[in-house]
1. Tell me, what is the percent relative contact order of chain A, built from C-alpha pairs under 8 Å that lie six or more residues apart?
2. Calculate the length of the line joining the C-alpha centroid of the range A:148-215 to that of the range B:305-344, in whole Å.
3. Do any of B:58/B:122; B:58/B:147; B:122/B:160 go past 27 Å between their Cα atoms, and which?
4. Compute the distance in nm between two label points, each set 7 Å from the Cα along the Cα-to-Cβ direction, one at residue A:143 and one at residue B:132.
5. Sorted from largest down, what three extents in whole angstroms do the Cα atoms of the protein assembly as shown have along their principal axes?
6. Taking 7 Å along the Cα-to-C-beta vector as the label spot, tell me the residue B:32-residue B:319 distance in nanometres, rounded to one decimal.
7. For chain B, what is the mean residue ellipticity at 222 nm derived from helices alone (per DSSP H run of n ≥ 4: -39500 (n - 2.57); sum divided by total residues; nearest 500 deg cm²/dmol)?
8. Taking every DSSP beta bridge that has both residues in the protein assembly as shown, what percent is antiparallel when rounded to the nearest 5?
Amino acid sequence: MSAQLIELIGKGLWETVLMTGVSGALSFAFGLPLGLVLVTTDRGGIYENLALNRILGAVVNGLRSLPFVILLVAVIPLTRLLVGSAIGMAAAIVPLTIAATPYFARIAEVSLREVDAALIDAARAMGASRLQIIREVLIPESLPGLVSGFTVTIVTLIGASAMAGAVGSGGLGDIAIRYGYQRFETATMLAVVAVLIALVCSIQWIGDRLVTRLAHRG
Amino acid sequence: MILPAVTDALPAHPVPPLVAELRDVARRFGDRPALDGISLGLARGEIVGLIGRSGAGKSTLIRCLNGLDRPQAGRVIVAGQDITDLTEAQLQPLRRRVGMIFQHFNLLSSRTVAENVGLPLKIAGVPLARRRDRVAELLELVGLSDKAAAYPQRLSGGQKQRVGIARALATDPVLLLSDEATSALDPETTASILDLLQRLNRQLGLTILMITHEMEVVRRIAHRVAVLDAGRIVEQGDVARVLLAPRHAVTESLIRGLVPELPADLRAALVQPGQGTEPILQLDLVGDLARAPVLAWVQAATGQAPRLLHGGLSDVQGQPFGRLFLALGPVDQTRVQAVLARLRAETLDAKVVGHVRTTH
């Protein structure tokens, strides 16, 4: 493997990690509160508000049904507004975050819903406020599910980031498409794919370890 | 070991003789009345059993006492405060004065035993150092000091309920609500949890309202029992009285098996009184009288040794209670009246339940 190829892949790996890391962190920061709102405003929730719940649910479904490539182009005006350019890695982070936030919100919603209502009852009986219920019961009790859902989100983001090559984001997926697919450099493509597999496996492994450590079951 | 009074971060309030009271409370879910004109007072230091079949409204009633559920009519008074119209935020400090334990324990799996027990204190804003001391005390009180760092998944059912009890006592409540706390436990563990509750009642003067569908639980530790059916209290009173002389069909069905009844073969053999028959006496024994020489009294009044047909002694709150069925022998009506008079003079409850053919 030539030094040039190694440098190319190294750069792509760094770009992929940065892109998915930043958009992953942002989608966690936005998606967890969104998931909490979806759960707590639902019927019987501690902040029951069915109108808000339905509206948010529809927005989340709408965003999730858009193919990523379309979203990428559709949000270009917003991207320009936020990062000053529609091209490059920073520009790719905007659509990636917009795609991953509702995705993670739904996953978080599922985990948060699995918290036994009896535990919320017990916390209320202790005199907990609603914010305390969220902080002391809902989030800690669903943490293993949230972490495993976040791992899935990151892996999905790695896949999506390849398409972000269309706006010049760089990254491993972009290299695979440009060198491997468009220029028929099979060796480059295989190398990139191997690195991607290693990256995804490592992330999944770290996620699984964390979940095992957090879940005190049995 | 005696716990110190209130964790001093929590304000102490004077507690009136009635720790909690429901006044004519009604609650319906849709068309179905869950509670229908419930009035019940809980005196300080008393263990009250609230018994009923499932769906009788027990859970709704108990949840009214810490504001988890709200009545549509009537008043709820806890620790001298009318909580009926309090907002959720106003109820939060009140709930620290009312502990609750649950059938399925409701422990947080993400927290250790010590963290579970300390959670109500954390919620109340007690600083960590004081929390730690209090948690250590509480774990010692329920006999789980060695499990402080364990996660609930590693505990047995009985241990989990001990954690639940320690947690419920963390903020030094005046009232403990027990929602079927032993229903998921095996008989041996049930006994140990009931012993613990009884000890806490005696040591700390803790008032306990326990809902259950098992009369056996009531018999073991309750001072008083209220029977709930279709949202109404159909009967309430002293446990021994309710067991021996139930006044309602629901009570009768709930206590079946706890008090001896005339066996079916004897009941089938009952005949009209007449030549060659003898009366069967039912004798209810409660408290010290259960240890009195009742058979000698019967014999003195009839002039014949009675024969024991059936019966048994058990205990209520450690006090003996029970029922005997005696065949008096071929005695005439005046003798029978003499026996009844003699026993009633000793305040024993006795009656003739029928006659059988004399075989001796």
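1. 27
2. 87
3. B:58/B:122; B:58/B:147
4. 1.9
5. 120, 51, 49
6. Between residue B:32 and residue B:319, the label points sit 3.7 nm apart.
7. Mean residue ellipticity at 222 nm (helix-derived): -9500 deg cm²/dmol.
8. Percent antiparallel among DSSP bridges in the protein assembly as shown is about 70.
Quick note: the coordinates plus some simple rules give every number you see, no bench work behind them. Bear in mind the structure is a predicted one, so any value in this text is a computation, not a measurement. Here the Cβ is made from the backbone with ideal geometry for all residues, glycine too, and neighbour counts use every protein chain on show.
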